[in-house]
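To keep things clear, I will list the structure first and then write my remarks on it.
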Amino acid sequence: MEATGMVAYPSIDLVRKIVKRVNDRGLDGIAITEHDDKEYGFRVKKIVDKSLDSQILIIPGREITVKEMGWAEMVELFLPNGSTFRFLPHPSYPYPGDDGFEYDMNLLQGIEIGNALHDRQINKKRVKEISKKYNLILLKNSDAHTLDEIGSFHNEISLEELYLFTKYSLG
């Protein structure tokens, strides 16, 4: 979810709304991935864990621009075991027609095949080929920028499965 980046520090009211929306969608958790801000997701997690009795799993993350990937965006998810799961979000966006697969795919463990905001731009056939070639997990993410968008696309995957894909797992 990227809907929270308007403010540097999330309020408990905003976090309650996020938790309610996640629960209403029948999900166990959510990744909070602000652009470039690694700490924001950790702030949300702290509120959920301390003030809301850890009602849902919060995976802090960030979406960053990576020079080594041709200035493409990459999402990093900071998992509870200390490992980092990295994936290529919305391949082919924001450059329609540019599949953007000249990256160092060894940096990644996953690739989006579905994205609620950018789904039309994704070349799904090409993504499947790349996923198979580099053993990347296929992901469908809501890329939520509003509370209503939370869970519009989602993944059913366990933390243990994510740990198996991380290259630098501590667990």
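The values are calculated or read from the model by the stated rules, or taken from the named source; none is laboratory data. Bear in mind that the values here come from a model prediction, so they are computed numbers and not experimental data. Ideal geometry is used to build each Cβ from the backbone, glycine not excepted, and the neighbour counts take in all protein chains shown.
Pairs linking a residue in region 119-133 that is at negative phi to a residue that is among the hydroxyl-bearing types (Ser, Thr, Tyr) and buried (at least 16 other Cβ atoms within 10 Å of the Cβ), with Cβ atoms under 7 Å and 6 or more positions apart or on different chains, are 121/92; 121/93; 122/92; 123/92.
I'm trying to understand the selection: among the residues of region 122-163, which are farther than 27 Å from residue 21 by Cα and not in a loop (DSSP other than H, G, I, E, B)? 124, 125, 126, 127, 128, 129, 130, 131, 132, 133, 134, listed by residue number. I'd like to check something: does region 42-55 contain any residue that is at pLDDT 95 or above and part of a strand (DSSP E or B)? No, the conditions are met nowhere in region 42-55.
A search for C-beta distances below 6 Å between a residue of region 61-89 that is surrounded by fewer than 17 Cβ atoms within 10 Å (Cβ to Cβ) and of a type in the set (S, T, N, Q) and any residue that is at pLDDT below 90 and assigned to a strand (DSSP E or B), counting only pairs 6+ apart in sequence or on different chains, returns 65/73. Of all residues in region 125-138, those that are at pLDDT below 90 and under 18 Å from the mean Cα position of the chain (by Cα) total 1.
Scanning region 9-30 for residues that are in contact with a helix residue (DSSP H, G or I) (Cβ under 8 Å, 6 or more places away or on another chain) and either in a helix (DSSP H, G or I) or modelled with pLDDT under 95 (or both) turns up 9, 10, 12, 15, 17, 18, 19, 21.
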